[in-house]
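Everything on this sheet refers to the single structure shown next.
What follows draws every value from the coordinates through simple rules; no lab data is involved. Quick caveat, the model's predicted, so the values are computed rather than measured. Methodologically, a virtual Cβ is constructed for each residue, glycine included, from the backbone with ideal geometry; neighbour enumeration extends over all protein chains shown.
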Amino acid sequence: MIHRVFSLGLLACNASLVGDEHSREALVIDPGDDPQPLLDTIAREGWKVREILITHAHIDHVAGVADVQRLTGAAVAMHPLDQPLYEGLEDQAAWVGMPTPERVPITRWLAHGDLIQCGAHHFTTLFTPGHAPGHVSFYCASESLLISADVLFRGGIGRTDLPGGDANTLLESIHTRLMTLPDATRVVPGHGELTTIGEERHSNPYLSLAWKPQGSLRN
Ligand SMILES: [Zn+2]
Ligand SMILES: [Zn+2]
């Protein structure tokens, strides 16, 4: 499987293009805003993008969805608990001083455990709320690859002061859904440098913060 990371837009969102070299089928995860470099690569290399996966509906992760959808005709998948954020893109645009992006319909609602096929590979949907109420991460076991987006960063964790954020829920997501993955798992955060589960297990200071299991991951 090929995997390319593009740092896109005002807030340098890490967008992922993953593709099966044999079938040429691909997925885009979080198209960021201003996705032109991603669009150029898809067109130049002839990827058949089947689905656009949204980890969560913050504007810096979804502003480019319409452009990628128009070029590829791909389905668009998101967790339903982020629908209010998606429908409130006007407000988000006003907060960050960006124009309101075009909003395309969501064609697939994701739940924890859902599989997303990409040629011979598949990603598993992990429900990981706390930074946003409907945040999901995507894990490909055969490639030891985790798209953690704004849940887990190199040396950091997601902020929880935005609407719908909750610190205990974020820590519960991280400890029960991400830190249970193998140390060798490569991690693509939503911004900044890539890391591994093992590196974060040994050096991320935020992982020692206290939290209580509250069963908030049932969706
Ligand atoms: Zn975010
Ligand atoms: Zn972000």
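Quick one: in the stretch 59-114, what % of C-alpha pairs are over 18 Å apart? Present the calculation step by step, with values, prior to reporting the outcome.
Values: 536 of 1540 pairs.
Considering the stretch 59-114, 35 percent of its Cα-Cα pairs are separated by more than 18 Å.
What share of the DSSP beta bridges in the stretch 78-219 is antiparallel, in percent to the nearest 5? Display every interim value, and only then the final one.
Working: 15 of 20 bridges.
Roughly 75 percent of the beta bridges in the stretch 78-219 run antiparallel, per DSSP.
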Karplus-derived 3J(HN,Hα) from phi for the stretch 16-31 (6.51 cos²θ - 1.76 cosθ + 1.60, θ = phi - 60°), whole Hz, x at Gly and Pro, runs 10, 10, 10, x, 8, 4, 7, 8, 6, 7, 9, 10, 10, 10, 6, x
Take the Cα coordinates of the stretch 2-208, assign each an equal point scatterer, and use the Debye formula without solvent to give log10 I(q)/I(0) at q = 0.09, 0.17 Å⁻¹.
-> -0.30, -1.15
Exposure proxy order (Cβ contacts within 10 Å, fewest to most) of Glu193, Glu172 = Glu193, Glu172
Anisotropy class of the stretch 86-213 from Cα gyration tensor, a/c 1.5 cut | oblate
Restricting to the stretch 1-81, what percent of DSSP beta bridges are antiparallel, rounded to 5?
-> 60 percent
Most to least packed among 73-85, 104-116 [average Cβ atoms within 10 Å] | 73-85, 104-116
Loop only per DSSP, at most 10 neighbouring Cβ atoms within 10 Å: give me the trypsin sites (Lys or Arg not before Pro) in the stretch 159-219, ordered by residue number.
-> Arg218
Quick one: Cα centre-to-centre distance for the stretch 91-147 and the stretch 1-79, in angstrom?
-> 11 Å
Anyone know which of Leu126, Leu39, Leu53 comes out most mobile in the 10 Å Cα GNM of the chain?
-> Leu39
Compare His58, His121, His131 in a GNM of the chain, Cα atoms joined below 10 Å, and give the one with the largest fluctuation.
-> His121
Report the one residue of Met78, Thr124, Ser208 whose Cα lies farthest in the direction of the positive end of the charge dipole of the stretch 2-208 (charges on C-beta: Lys and Arg +1, Asp and Glu -1; origin at the Cα centre).
-> Thr124
